[in-house]
Every structure is written in C-alpha cells, then in structure tokens.
C-alpha cells in the first residue's frame, strides 16, 4: 500500500491509496461516515492522469477543524479491532 | 457484532452476522474470494503427453485442482528469495500415468507431505492403450484476484436477514401456494412462518403479490444490519480457517494503513 496526499486543507483531505480495492475502502468509508467528527467522506476508484490502472481516491471533510489524518488513522485502528472482534466471536461461536 | 453459526462443516458454513454494516460483510466476502493466499499449479514441465488433450488444456485442468494449503508457503513476491524459487514459495509435484486408465487428481504426487490435492476424485484425462503422461509441475502461492486457480472461497454470498410481517390475515392461503420455498403455513387461521423457516425466505415478494387483501396482510422486509452468510471452501482451507484468514487479511491491511499514516 502506498499513500499519496493529493490535496490538503485544515479540515479536508484527498488522498490516493494505491493498491487498495473496495474490500478495505468500503469499510473505511462506512466507519468514517459513522464518526461524529466527519462531515462527509467518500471514495472513488479512479484512473489518474496517464495511469492505466485504477486506484482509489478517498476524500474526507471534518467538522471543527479536526485533523483528517488523525481521524483516518483512528478509523484504521477501529477496523483492526472490528476484525479482531469478528475472529474472536467466530471462534467463540464455533467452539 | 454478533455471530450465530447455523452450520459449520469442513468444506462449507452458514452463519448469521448481525449488528454490522454491509461493508463489513461485503469486505469479508470479497477477501475470501480474492485475497486469501492459496496454492495452485502454475508451471508445467512436460516430458511426455500422448493423451488426447493439448498440453495447454492439460495444464489448465491441473491448475484448477485445489491443493491443501500449508501456512509455511508464501507468495513468490513476498518470499525472502526474491522470486528465484525456494522451498518456502515453490512446491514440486509430479504426475506419471500410463494408459489405459482415467487419470484422477489423486494420482498427482506432491513432494511435500503436508500439501496434496484436496480431492482425489477429480478426473483429469482418460488415457487409452499406449497413451502416456509424464510431467513435473510447480505450484506457487497466489491470490484469487489474479486467477481462479488461487481462489479459495467458492460460492461466497450473503443476504439480508429476512423479516416477514403478517398482520390482519384472513387465512385464504394464496401466499402458501405462491411461495417457491414452501415456508408459509397456516396456524390459527392465519399465515405463519416459523423462525427456522424465516431464514430460508429469498425476499422474492411473491407472497405479497398473491395476497388478496389491500394493503397486503403479508409484508416482506429485511434487517439492513443483519446478514445470512453462506460460503464454501475449495478444500485448501477448512471453512473455519478460511473466514478467519479473510478477516486477518482485512486486519493486516487496516494495520498497514494506520502504520503509514503514522509516518505522515
């Protein structure tokens, strides 16, 4: 995974997450939208300039000048915990 | 998040995943199909092929034979040998057969006792008198997103948990005749669906249309945060390991993302 910041302001950010697919991006978007610090968040799988491959571009706008990168980092950790929970619950249910 | 397992066998499973967003269910489904590492034959060294199949066709059939996965194997691109080929990223297999006989996947001989064809009864080619096959094969670890031969999860899917509400029913029974899953019955002069049968509903809404009352006494809806998940493994992983591995893949990616963002 490679992360490139395409544009950045105090409360909004547009980043290119190279090598990712809907698998992770859709979860990231869903968790971001649920976050109360986030005003809007969406992603699109785009073909960038001269590139042949399509890569996801994520856009985040926050409320009250919350740092979008910090929010996104916390969301990534939240997804890690969510999957940890999934594995624990599945193990518990199957034993 | 709640998980309730309905069926769990070596090759297939069915469970209810509730109180999660659709993206989580879809992420796990996608990861199972495309992102779980799996072993499959990628290269062949043909010494002799006098069977009726072309070399390429034989190669395709061999590649599609699922092999049991051993966690020690890593994809070539992630291996310490930089893709040159070493025992932790390549596996050698052999197939020698002399006609007349039908060659089955069970005839493939693997050099690693931990890895073998998941099924022994997959027919590969029928050899007549005087036809021979002698080949060496090299299996690599790959991902389902690159080719089906590496796809570990098959028939993966989910549907929303059905929720059929029956109110003010006159017990005419039209919905019973219409239901393709035969899950509606009459109880106390009213249509009734038992909780075990509710899960079988395909949300087709034929019962709603068949109802003679206006508005229909039977209303089909679903829980948007609850999913009935079904999937099968091709035999490379057990059904339980497959779903856990898929969750692992998503967890690792999210972890990697957090790690990179930490450095910005």
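General observations
- Which numbered condition residue B:74 misses (of (1) under 18 Å from the mean Cα position of the chain (by Cα); (2) not assigned by TED's automatic domain parsing to the domain that holds residue B:20): (1)
- The set of residues in region A:19-38 that are surrounded by 15 or more Cβ atoms within 10 Å (Cβ to Cβ) and more than 10 Å from every other protein chain (Cβ to nearest Cβ) comprises A:32, A:35, A:37, A:38.
- Flag if residue A:57 is farther than 22 Å from residue B:251 by Cβ, more than 13 Å from chain B (Cβ to nearest Cβ) and in contact with a strand residue (DSSP E or B) (Cβ under 6 Å, 6 or more places away or on another chain): yes
- Hey, residue B:28 within 14 Å of another protein chain (Cβ to nearest Cβ) and either in a strand (DSSP E or B) or free of Cβ contacts under 8 Å to residues at least 12 places away in the same chain (or both) or not: no
- Check on residue A:75, within 14 Å of chain B (Cβ to nearest Cβ) and either farther than 16 Å from residue A:16 by Cα or in a loop (DSSP other than H, G, I, E, B) (or both): yes
- Checking residue B:241 against (1) under 27 Å from the mean Cα position of the chain (by Cα); (2) over 30 Å from residue B:73 (Cα atoms); (3) without any contact (Cβ under 8 Å) to a residue 24 or more places away in the chain, the condition it does not meet: (2)
Conditions tested, residue by residue: (1) more than 23 Å from residue B:241 (Cα to Cα); (2) surrounded by 14 or more Cβ atoms within 10 Å (Cβ to Cβ); (3) in contact (Cβ under 8 Å) with a residue 12 or more places away in the chain.
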residue: B:40; (1), (2), (3): no, yes, yes
residue: B:47; (1), (2), (3): yes, no, yes
residue: B:52; (1), (2), (3): yes, no, yes
residue: B:56; (1), (2), (3): yes, no, no
residue: B:65; (1), (2), (3): no, yes, yes
residue: B:68; (1), (2), (3): no, yes, yes
residue: B:73; (1), (2), (3): no, yes, yes
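- Residue within region B:196-218 that is over 30 Å from residue B:70 (Cα atoms), within 14 Å of chain A (Cβ to nearest Cβ) and at pLDDT 90 or above present: no
- Criterion applied to B:114, B:82, B:121 was being surrounded by fewer than 16 Cβ atoms within 10 Å (Cβ to Cβ), assigned to a loop (DSSP other than H, G, I, E, B) and touching a strand residue (DSSP E or B) at 6+ places or on another chain (Cβ under 8 Å), and the one residue passing it is B:121.
- Residue in region B:5-13 that is within 14 Å of another protein chain (Cβ to nearest Cβ) and either closer than 28 Å to residue A:34 by Cα or free of Cβ contacts under 8 Å to residues at least 12 places away in the same chain (or both) present: yes
- Options A:3, A:45; residue that is touching a helix residue (DSSP H, G or I) at 6+ places or on another chain (Cβ under 8 Å), under 25 Å from residue B:146 (Cα atoms) and more than 8 Å from every other protein chain (Cβ to nearest Cβ): A:45
The values are calculated or read from the model by the stated rules, or taken from the named source; none is laboratory data. Because the structure is a prediction, the values reported are computed rather than measured. When we count neighbours, we look across all protein chains shown, and the Cβ atoms used for this are built from the backbone with ideal geometry, even at glycine.
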